Amino acid sequence: MYLAFRFVVRAKILCSDPIAHNLNISKRYAGHSKWANIKHIKAAKDAQKSTTFLRMSRLMRVAIQEGGGADPNFNVRLASLIEQARKYNMPLSNIKNVLEQSKASKGNPPKSTYYEIRGPGGCTVIASVLTDNLQKFKATIKTIVKKSNCMFAEGSVPALFQHKGLIVADPLNNTSLETAVEHAIEVGAEDVTAEEIENEQILQFVCDPAHLNQVKGKLMKLGYNIKNADAEFLPNNRISLSDDDLEAVQKLFDRLEDEPDVVKLHDNIL
């Protein structure tokens, strides 16, 4: 099996002292696990699903209503979603229709929620949902969870995950990690990670999700090119699964991803 390694440098910003900021910097090599490879293959196959266009349309609607209008030049999240949709071969006409309809529409945005699922081998899966009919979808996901021999795990998120804003940016030219840390402190981020993946360097800024747009805007003013910015569930620890459990989790993911109301899946699998 091919393993693609990435070099990661992390600087965690500790703010117990409001004046002095201490930095805990560590380095590690991270290889893609079997589950990471499975998800990479699944992402490629997702482009072939008809539900993908519906899912992307819904995400774009929300980005427009919550993130600064229908002009991707002024809405980083929308621009990122359009780029992703094009990678999925979503027709440009479909994208234009979403933008035009969102400009004209004064209706309510889809309702946002998430479901915590205890999966095979004790793993936890979080399904982030955007739906126009919450009651109908609740019945749908109950059927999926039961068919997958899983169960709901309400209340597990606080112990297993951190809900954070995650901003992915290109590094500034000739900028060291120390400078990135200074910028992270300046904009109110909690953590910054420098990653090198196949000779491409990126920075990941972690912040309070409530301050996501504020931190993103400050980074842009400092000159950073923002590649993506969104709220994520980041696992505190990851667990290893057997091949049989991985196969069972894959079936759960397939069933969930067949539903256009499911816009993102998070897990704590190594």
Query raised in the report: Do you know which residues across segment 246-270 are at pLDDT below 95 and either outside the structural domain of A127 (by TED's automatic domain parsing) or assigned to a loop (DSSP other than H, G, I, E, B) (or both)?
Result: D258, E259, P260, D261, L270
Report task. For segment 151-159, state whether one or more residues are more than 26 Å from P260 (Cα to Cα) and touching a Phe, Trp or Tyr at 6+ places or on another chain (Cβ under 6 Å). Result -> no
Query raised in the report: Taking segment 111-133 as the region of interest, how many residues are in contact with a helix residue (DSSP H, G or I) (Cβ under 7 Å, 6 or more places away or on another chain) and either outside any strand (DSSP E or B) or among the hydrophobic types (A, V, I, L, M, F, W, C) (or both)?
Result: 10
Query raised in the report: Quick check, is L166 in a loop (DSSP other than H, G, I, E, B) and either in contact (Cβ under 8 Å) with a residue 60 or more places away in the chain or under 26 Å from L59 (Cα atoms) (or both)?
Result: no
**Report entry** Leading residue by the ranking (nearest to the chain's Cα centre (by Cα)) among those in segment 213-225 that are surrounded by 21 or more Cβ atoms within 10 Å (Cβ to Cβ) and of a type outside the set (V, I, T)
**Finding:** K216
Query - Test for A189: is it in contact (Cβ under 8 Å) with a residue 60 or more places away in the chain, touching a helix residue (DSSP H, G or I) at 6+ places or on another chain (Cβ under 6 Å) and more than 30 Å from S148 (Cα to Cα) - result: yes
Query raised in the report: Hey, any hits in segment 66-86 for a residue that's among the charged types (D, E, K, R) and either modelled with pLDDT of 95 or more or in contact with a Phe, Trp or Tyr (Cβ under 7 Å, 6 or more places away or on another chain) (or both)?
Result: no
Query raised in the report: For segment 194-214, does any single residue satisfy the condition of being without any contact (Cβ under 8 Å) to a residue 12 or more places away in the chain, in a loop (DSSP other than H, G, I, E, B) and out of contact with any Ser or Thr (no Cβ under 6 Å at 6 or more places or on another chain)?
Result: yes
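This table checks each residue for (1) surrounded by 15 or more Cβ atoms within 10 Å (Cβ to Cβ); (2) modelled with pLDDT of 95 or more; (3) part of a helix (DSSP H, G or I); (4) hydrophobic (A, V, I, L, M, F, W, C).
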{"position": "A159", "(1), (2), (3), (4)": "no, no, yes, yes"}
{"position": "N173", "(1), (2), (3), (4)": "no, no, no, no"}
{"position": "T179", "(1), (2), (3), (4)": "no, no, yes, no"}
{"position": "E186", "(1), (2), (3), (4)": "no, yes, yes, no"}
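How many residues are closer than 22 Å to A231 by Cβ and more than 19 Å from the chain's Cα centre (by Cα) if we restrict to segment 119-155? Working first, answer last.
If we filter segment 119-155 for residues that are closer than 22 Å to A231 by Cβ, which is where we start, we get 119, 123-132, 134, 137-138, 141, 152-155.
In the following step, the residues that additionally are more than 19 Å from the chain's Cα centre (by Cα) were identified as 119, 132, 134, 137-138, 141, 152-155.
Number of matching residues: 10.
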Query raised in the report: Counting only residues that are farther than 14 Å from K164 by Cα and surrounded by 19 or more Cβ atoms within 10 Å (Cβ to Cβ), which one in segment 194-207 is nearest to the chain's Cα centre (by Cα)?
Result: L203
Query raised in the report: Within segment 226-245, can one find any residue that is under 18 Å from V145 (Cα atoms), assigned by TED's automatic domain parsing to the domain that holds K164, more than 15 Å from the chain's Cα centre (by Cα) and part of a helix (DSSP H, G or I)?
Result: yes
Query raised in the report: Just to be sure, is N89 in a loop (DSSP other than H, G, I, E, B), more than 19 Å from the chain's Cα centre (by Cα) and outside the structural domain of V249 (by TED's automatic domain parsing)?
Result: yes
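The values are calculated or read from the model by the stated rules, or taken from the named source; none is laboratory data. Fair warning: this is a prediction, and the values are worked out from it, not measured in the lab. Reconstructed Cβ throughout: ideal geometry from the backbone, glycine too, with neighbour counts over all protein chains shown.
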